[in-house]
Amino acid sequence: TSGDATIRARFALKTYSLSVLSDGNGSVTPAAMQTVNHNAQTTIAATPNTGYGFHRWRVVSGTASITDTTTASTTARLTAGDASVRAIFIQNTYTLTVPAGVNGTIVLNPNKTTFTHGDTVNLKARPATGYYFGGWGGDTSGTDTSITVTMTRNRSISATFTRIGSLTLTITASGGTVTKNPDSASYSYGDQVTLTATPNTGYNFVNWTGGATGTTNPVTVTMDGSKAVTANFSIKQ
């Protein structure tokens, strides 16, 4: 009131609090509440736990603009006050593929085509009449007719079934001969065959290798699959 004067107005950029939350099936960054400037971009990221995948971001309180709600690492803006966002994760699912029954079937328990991470599945091999179960193939192995697998990825499992009476026993001998009892072109699963090695003149029998091992002569072979047996002889010194 006693002369000229200058008045200056001071302004401050608004700041807000941003909370980044998880649904419990993964971790998020930033993990602590952040103070962010009005309309500034803030990076938020989500990392799923084992067996889970990222699904989407969800605004749970306040107003937040998220650049891409379906991307695990994205940006958020606050323009109207404090806000909270949450990362949503979903459990991974996998497929178990088994071939259509050929000479036998594979029975699943539970009988589904899609499983969640960590599910256990029992598989039983059931050979058709006239066949026997030979073993598992694909993503597992073994000869037990019943197995259990844990679903941690997509799996493809097959089973081998062999016609009963179609097993072959191949004999190799140099320096002697081998007789089979019974002597047959093919055998059934579980048949027992006695092999007797007879050295030629001037040779000694050494051992069996391949589908039979050791030095026992004669030796008995159980036909649980096609086999190749070698009789080894050495020349006398």
Sort out which residues of segment 1-27 are open to solvent by 90 Å² or more (accessible area, probe 1.4 Å) and not hydrophobic (A, V, I, L, M, F, W, C), and write them in order of number. Thr1, Ser2, Asp4, Thr6, Arg8, Arg10, Lys14
All positions within segment 28-42 that are open to solvent by 30 Å² or more (accessible area, probe 1.4 Å), in a strand (DSSP E or B) and under 18 Å from Arg58 (Cβ atoms): Thr29, Gln34
Checking Val221 against (1) open to solvent by less than 70 Å² (accessible area, probe 1.4 Å); (2) farther than 23 Å from Gln237 by Cα; (3) free of Cβ contacts under 8 Å to residues at least 24 places away in the same chain; (4) assigned to a strand (DSSP E or B), which single condition isn't satisfied? (3)
Could you list, in sequence order, the residues of segment 185-217 that are under 29 Å from Tyr131 (Cα atoms) and either in contact with a Gly (Cβ under 7 Å, 6 or more places away or on another chain) or outside any loop (DSSP other than H, G, I, E, B) (or both)? Ser186, Tyr187, Ser188, Gln192, Val193, Thr194, Leu195, Thr209, Gly210
Tally up the residues in segment 184-194 that are farther than 16 Å from Ala212 by Cβ and not small (Gly, Ala, Ser), please. 1
Name every residue in segment 66-80 that is modelled with pLDDT of 95 or more, over 24 Å from Asn92 (Cβ atoms) and open to solvent by 50 Å² or more (accessible area, probe 1.4 Å), in order of residue number. Thr67, Arg77
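Count, please, the residues in segment 1-34 that happen to be more than 44 Å from the chain's Cα centre (by Cα) and not basic (Lys, Arg).
Qualifying residue count for the region: 13.
The values are calculated or read from the model by the stated rules, or taken from the named source; none is laboratory data. Please read these numbers as outputs of a predicted model, since none were measured by experiment. Every residue, glycine as well, gets a Cβ built from its backbone with ideal geometry; the counts of neighbours run over all protein chains shown. The protein model used for the area step is the full one, side chains on, heavy atoms only, and it has no ligands, DNA or RNA in it. Shrake-Rupley method; radii C 1.70, N 1.55, O 1.52, S 1.80 Å.
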